[in-house]
Amino acid sequence: MKRILVFGFLLYYQWSFGQLEFKNSNIGRVMDVADLSGHSLLKKYDPDIMGSSFINDDWVPAKITLSRGKEIGPLLIKLNIERNELYFLDSSGKEMIALEGLVRKVDCINYYSKDSVRFIFKSGYPGIDKQNENYYYQVFTEGKIELLARKFKYVRVEKNELSGEISKDFVDGSFVLYVYADNIMQAFHPTKNFVISLLKDKVRAINTFIETNKINFKSIPDLIKLFNYYNSSQ
């Protein structure tokens, strides 16, 4: 009977927005909902870990697209890239977490990276490497070809050889680029041959654009410019 009640509770929340309530911890991350097996889903960060697991430390407004295509918001959100979880504030100001698989797009409003790239995150892509279809990728281009980035953080542990004290902090890991086109997800390779193989239906125009704009295949802004040009010409 207990399992049936828990199952019904989860179904209700998945239908209404798939949200789990939080209590405050070091960074607002304690859940007290049981899973279908009756085990605790309690997750809590070590309070000794310095820094943040979020890609954005402050709450930022974003438009949300759900898995069935419905758009809601704007909502104030944070994206935990260490856990691949989307946090948001509900209408009463409570911190919530979106159920895995329920959100397909997070379009941040007036929030940009240092190189003026707007923050957009999407899930729903085919699984690749260790990511499943619910992984949130940063989206650099949208259209026939999409340039995506897997960003992550990890906990670095260091020991002071003199005092013996151990410090822990979140640090940014190097990001990995992917491309999604024709329902195929693959790792990006920063070479002209690879890029041309993706855009082979417009080879002459793409070659001219590359030469005219002196495209650097290791530069994110240059790749955005190139793929946006290609997508706009469809």
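The values are calculated or read from the model by the stated rules, or taken from the named source; none is laboratory data. Bear in mind the structure is a predicted one, so any value in this text is a computation, not a measurement. Cβ sites come from the backbone with ideal geometry, for glycine too, and all protein chains shown count toward neighbours. Side chains are part of the model used for accessible areas, which takes the heavy atoms of the whole protein and leaves out ligands, DNA and RNA. Shrake-Rupley method; radii C 1.70, N 1.55, O 1.52, S 1.80 Å.
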- Task: Just give me the residues in region 50-92 being of a type in the set (Lys, Arg) and either within 15 Å of the chain's Cα centre (by Cα) or surrounded by 15 or more Cβ atoms within 10 Å (Cβ to Cβ) (or both), in sequence order.
- Result: Lys63, Lys78, Arg83
- Are there any pairs with C-beta distances below 9 angstrom linking a residue in region 160-173 that is closer than 16 Å to Ile55 by Cβ and β-branched (Val, Ile, Thr) to a residue that is at pLDDT below 70 and assigned to a strand (DSSP E or B), with the two at least 6 apart or on different chains, and if so which? Val171/Lys153; Val171/Tyr154; Val171/Val155; Val171/Arg156
- Message: Given the condition part of a loop (DSSP other than H, G, I, E, B), of a type in the set (A, V, I, L, M, F, W, C) and modelled with pLDDT under 85, answer yes or no: does some residue in region 5-16 qualify?
- Response: no
- Message: I'd like to know if region 93-100 contains one or more residues that are among the hydrophobic types (A, V, I, L, M, F, W, C), touching a helix residue (DSSP H, G or I) at 6+ places or on another chain (Cβ under 7 Å) and open to solvent by 20 Å² or more (accessible area, probe 1.4 Å).
- Response: yes
- Task: Using the structure shown, decide if Val117 is open to solvent by less than 30 Å² (accessible area, probe 1.4 Å), under 28 Å from Ser232 (Cβ atoms) and at pLDDT below 90.
- Result: yes
- Item | Residue count for region 198-216, restricted to those that are open to solvent by 60 Å² or more (accessible area, probe 1.4 Å) and under 12 Å from Tyr229 (Cβ atoms) | 3
